[in-house]
Number of protein chains: 2
Amino acid sequence: MTLVATPVRLSTSAANFEADFKARLHWSADTDAAIEQRVADILADVKVRGDAAVLDYTARFDALEVFDMNSLELTQAELKAAFESLPTAQRDALQAAASRVRSYHQAQKKASGESWSYKDEDGTLLGQKVTPLDRVGIYVPGGKAAYPSSVLMNAIPAHVAGVAEIIMVVPTPRGEKNALVLAAAYVAGVSRAFTIGGAQAVAALAYGTATIPAVDKITGPGNAYVAAAKRRVFGTVGIDMIAGPSEILVLADGSTPADWVAMDLFSQAEHDELAQSILLCPDAAYIDAVQEAITRLLPSMPRAEIIAKSLNGRGALIHTRSMQEACEISNRIAPEHLEISSNEPHRWEPLIRHAGAIFLGAYTSESLGDYCAGPNHVLPTSGTARFSSPLGVYDFQKRSSLIEVSQAGAQILGKIAAELAYGEGLQAHAMAAEMRLID
Amino acid sequence: MTLVATPVRLSTSAANFEADFKARLHWSADTDAAIEQRVADILADVKVRGDAAVLDYTARFDALEVFDMNSLELTQAELKAAFESLPTAQRDALQAAASRVRSYHQAQKKASGESWSYKDEDGTLLGQKVTPLDRVGIYVPGGKAAYPSSVLMNAIPAHVAGVAEIIMVVPTPRGEKNALVLAAAYVAGVSRAFTIGGAQAVAALAYGTATIPAVDKITGPGNAYVAAAKRRVFGTVGIDMIAGPSEILVLADGSTPADWVAMDLFSQAEHDELAQSILLCPDAAYIDAVQEAITRLLPSMPRAEIIAKSLNGRGALIHTRSMQEACEISNRIAPEHLEISSNEPHRWEPLIRHAGAIFLGAYTSESLGDYCAGPNHVLPTSGTARFSSPLGVYDFQKRSSLIEVSQAGAQILGKIAAELAYGEGLQAHAMAAEMRLID
């Protein structure tokens, strides 16, 4: 059987564009009631029984039977040994990627993650103190989709933020460990690592057990059980966004080789059948060229079947009236990854209001950003770039307001505060301010 | 009946301190299954029936029967008229508070909310683009606990961030409008305002109706229905933290008049029976003086009954071995409001790792910060200051990573990315990088 990938062709000039466009974008994050209930039960059980429950679920779900929690901890020596077992090229690539990711996040911290304060004319000091979280948990999926790059992308910003303890959890079904994942944990400076996963790992991190220390925030991707568990423990601990399927949107003016764009669309589609690859372009002949490249390149791809399913089911090649219109449609989608594949990317970039990461120019393939350009590859999906941001140093910091009112300042502020407090019927608030008045 | 308020006395030297301390801190945010189900039904109904459902629920829950959505919109002229109807002192106080809140948030934006970029040695441009959200919704509670100051604290940071449209919703049970709330909306520059509330208002903002525009994020406090609705729409839109009861922790070295500290404890307790006021102090005689002030001042307080219930049920006066130990205990609590009521506040402030807002010195009563010092009064509660921050300009902005790899840069990064992509079994990722290699 020959695999065919023909993403739907749409045109913004067509009468039915709006309906077709919305239908193609639709993706429902609706939760499954049965999963919700099982996750609620697991969380409650781990909260009460701690380590014993974690051991039980690990035996049941990961087919990993051990008799004590020590057997579920990876030592620093094991992480180091995994790193040293790798071929030199992989070791070097891992370290080069880590170094670039670290540099970018250090710049991020310096640009917008430092404490500040000022004094106003009344001598009142106002400011913002920025501090790292004490301890965070990083969830790393195991099994088929084991991504060492995700270890770097989650652990390094935490490290740069100044988090003292980074606890990694990674399920190892039937005890199978992924050397690259362990090596990445070594390179990224993970403090402790446990071979547990699923809702039970999220519960252990959120509530703490005799062995697993309770953390302040949990980040990292996972399956539906992990996502449901993270949603439920939100409030007890912080969490990052719950990720939907991955997406790429390529905004092309026709100046990039069509093969490159086709491969960039593939590189998103190969993740998952639900992944979404969209091309927006004002040049119909170029869209034809990309479709031709897709058809020609597909058979050589090892993951051709997933790519075809993703492109046929969720992909789209959209002909627009202009690059300006393409930018407007991109803003409606608010894509996770946006390539501005143009020879004048800085002309279009200012028109982009919503996107997780923006890749400028023909040489900036998304895959460079996924692994080693430096910025984080954990990005808002499913249109959430309208209101959320890439994972960053700021996710591992929090702010405290600083206020120091002088005696002179209290005379001015006290009267304003008292007036408003009486207006709200909060008399103790008013009197606390008035007590500080001298006259 | 004479009201008595005697917060429990604890001592860190006592054998049972740990257990008593934990018992006192305990507060459960557990959700009510019946409320959850009713909220799920309301959300689903508004999603399908839009305005018609909003009109029905407003009639049912707010006893406000109108025949079209226009009647539920407050015009700009109404907001302005409400402002002009206020006594001069209230008008001036509202404007002075708004002006100070605006200045602080402008400083916040300038210090840490601007875009940045740099080029690395390979000519690769890396950066972070900061953009405002397009449209946000602000929930303002109606009825008894109507707080105009909350309108300022939610709307002004959104405005400073550059949000183009700020949509306020405020229930007006039986049509009763609070002039101060409407005036605050006028002063803060709210774009549109609707007299709707509850889960139906959250649903309308999240999904949009024919009349109410869909927003990108919803902030602001509300009752259990509003909180449950916000939790459920999280992902479709952004939300701020779900707030628990308000808390104050006073760290005292005994140098502040005891009456002032007593009134500061009252000003938290008067909010709500579940509010928590805690004093930490190494000086037992000073704790006695504060208890004496509590007993003496309580009868004169208009909200004495709520204050007494809060202090008796959840308050605590804790005797510590030292100020250092008091700081450590404060870090375990991670309070929403922390007063360092000391004549050397800058000695202790560096020891504080977790707190929503830190009030330094005897003159800085929490109530000054609540209304007009400038920093936001929407703060993380229930220990969530361990991982979250005051509401701020950053909550109304999001970031996009910027990456522009030069042809030269692609030669270096492409090899690293390809190595790691093959290691993860993602061949299209690897080939997208390799296609950009010249040799």
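The values are calculated or read from the model by the stated rules, or taken from the named source; none is laboratory data. These numbers were taken from a predicted model, which means no experiment stands behind them. When we count neighbours, we look across all protein chains shown, and the Cβ atoms used for this are built from the backbone with ideal geometry, even at glycine. When the accessible area is computed, the model is the full protein with side chains, heavy atoms only, and any ligands, DNA or RNA have been set aside. Shrake-Rupley method; radii C 1.70, N 1.55, O 1.52, S 1.80 Å.
At a glance:
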read-out: Accessible-area value, B:Phe387, 1.4 Å probe, nucleic acids and ligands omitted, Å²; value: 10
read-out: DSSP-defined beta bridges in the protein assembly as shown - what % are antiparallel, rounded to 5; value: 25
read-out: Cα shape, the range B:90-170, gyration tensor, a/c 1.5 rule; value: prolate
read-out: Area projected by the alpha carbon convex hull of the range B:110-227, averaged over all directions, nm²; value: 9.5
read-out: Unit Cα scatterers, Debye sum, the protein assembly as shown: log10 I(q)/I(0) for q = 0.04 Å⁻¹; value: -0.18
read-out: Partner aspartates and glutamates for B:Lys22 [C-alpha distance under 15 Å; skip if fewer than 8 residues away on the same chain]; value: B:Glu328
read-out: Size of charge dipole - chain B - debye, nearest 20, with Cβ of Lys, Arg +1 and Asp, Glu -1, no other charges; value: 400
read-out: Cα lying deepest toward the dipole's positive end in chain A, options A:Val378, A:Tyr57, A:Gly244, charges on Cβ; value: A:Tyr57
read-out: Partner aspartates and glutamates for A:Lys217 [C-alpha distance under 15 Å; skip if fewer than 8 residues away on the same chain]; value: A:Asp134, A:Glu165, A:Asp240, A:Asp395
read-out: Ratio of the Cα radius of gyration of chain B to 2.2 N^0.38 Å, where N counts its residues; value: 1.15
read-out: Cα centroid separation, the range A:273-344 to the range B:134-168 (Å); value: 39
read-out: FRET efficiency, 1/(1 + (r/R0)^6) with R0 35 Å, evaluated for A:Leu437 and B:Thr6 via beta carbons; value: 0.75
read-out: Restricting the range B:132-205 to trypsin sites (Lys or Arg not before Pro) in coil, as DSSP defines it, with at most 11 other Cβ within 10 Å; value: B:Lys144
read-out: Rounded accessible area per residue of the protein assembly as shown, 1.4 Å, Å²; value: 36
read-out: For the pair B and A, total buried accessible area rounded to nearest 100 Å², probe 1.4 Å; value: 10500
read-out: Over the range A:216-259, equivalent-ellipsoid semi-axes from the Cα gyration tensor in Å; value: 36, 11, 7
read-out: By accessible area with a 1.4 Å probe, ligands and nucleic acids excluded, highest first: order of A:Glu349, B:Glu339, B:Glu344; value: B:Glu344, A:Glu349, B:Glu339
read-out: Normalised contact order of chain A, rounded percent, pairs of Cα under 8 Å and 6 or more residues apart; value: 21
read-out: For the range A:330-397, alpha-carbon Rg over 2.2 N^0.38 Å; value: 1.10
read-out: Heavy atoms of A:Trp260: accessible area, 1.4 Å probe, square angstrom to 10; value: 40
read-out: Additional length obtainable on full extension of the chain from A:Asp41 to A:Arg91, 0.36 nm per residue less Cα span; value: 13.9 nm
read-out: The range B:178-214 and the range B:378-439: distance between their alpha carbon centers, rounded to Å; value: 36
read-out: Value of [θ]222 nm, deg cm²/dmol, for chain A, DSSP H segments ≥ 4, -39500 (n - 2.57) each, nearest 500; value: -14000 deg cm²/dmol
read-out: Pairwise Cα inverse-distance average, inverted: Kirkwood Rh of the range A:151-214 (Å); value: 12.3
read-out: Evaluated over the range B:101-147, the Cα radius of gyration and Dmax, each in Å; value: 18.4, 62
read-out: Sites matching trypsin sites (Lys or Arg not before Pro) across the range A:240-321 that sit in DSSP coil, with at most 14 neighbouring C-beta atoms within 10 Å; value: A:Arg321
read-out: Pairwise centroid distance, computed over Cα atoms, of the range A:71-114 with the range A:31-46, Å; value: 34
read-out: Of all accessible heavy-atom area on the protein assembly as shown, the percent that carbon and sulfur account for (1.4 Å); value: 52
read-out: Qualifying GluC sites (Glu not before Pro) for the range B:1-70 [loop in DSSP, other Cβ within 10 Å: at most 13]; value: B:Glu65
read-out: For the range B:1-83, fraction of C-alpha pairs farther apart than 14 Å, in %; value: 79
read-out: Lysines whose Cα lies under 22 Å from that of A:Lys415, excluding same-chain neighbours fewer than 8 positions away; value: A:Lys119
read-out: Residue with peak Gaussian network fluctuation, chain A [Cα springs, cutoff 10 Å], from A:Ala316, A:Ala63, A:Ala89; value: A:Ala89
read-out: Antiparallel DSSP beta bridges within chain A, percent to nearest 5; value: 30
read-out: Rounded if a/c under 1.5, otherwise prolate or oblate - the range A:44-99, Cα gyration tensor axes; value: prolate
